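Okay, structure first, notes after.
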Amino acid sequence: QVQLVESGGGLVQPGGSLRLSCAASGSIFSIYAMGWYRQAPGKVRGLVARITSGGTTTYADSVKGRFTISRDNTKNTMYLQMNNVKPEDTAVYYCNAYPVIWPWGQGTQVTVSS
């Protein structure tokens, strides 16, 4: 059973940057496409960005050009570089395979506010 641990969230001002990390237990991480998801209060959890095992990336229109997803298969870790953040990026961010197959981690809270 893969366990996922997200970290790196916090309070950031509009226009600022954050880097989220997702650490996955187990050696099978590298063979799966992975995704970053987010859930804002009162909203459904949705996909923000995804990356294949080979590194091909896809982004939601709302974050395209501002966020960058990457992975290091040697460390079983995935990242989300968030630049030029906006108040509407405020949410709990989660990682999982794409499509989702593992239990959710605790997520990491990102709050964008001045």
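Residues of the stretch 1-23 that are within 13 Å of Tyr98 (Cβ to Cβ) and among the aliphatic types (A, V, I, L, M): Leu4 alone.
For the stretch 60-76, a residue qualifies if it is over 11 Å from the mean Cα position of the chain (by Cα) and either buried (at least 18 other Cβ atoms within 10 Å of the Cβ) or part of a loop (DSSP other than H, G, I, E, B) (or both), and the qualifying residues are Ala60, Asp61, Ser62, Val63, Lys64, Gly65, Arg66, Asn73, Thr74, Lys75, Asn76. When we screen Thr56, Thr68 for residues that are within 19 Å of Ser7 (Cα to Cα), β-branched (Val, Ile, Thr) and free of Cβ contacts under 8 Å to residues at least 24 places away in the same chain, the only hit is Thr68. Checking the stretch 37-46 against the condition returns a match, with at least one residue being surrounded by 13 or more Cβ atoms within 10 Å (Cβ to Cβ), more than 17 Å from Gly8 (Cβ to Cβ) and touching a helix residue (DSSP H, G or I) at 6+ places or on another chain (Cβ under 9 Å).
The numbers here are math on the coordinates, done by the rules we state, and not lab data. The structure presented is a predicted model; accordingly, all values stated were derived computationally and were not measured. Glycine also receives a Cβ, built like all others from the backbone with ideal geometry; neighbour counts cover every protein chain displayed.
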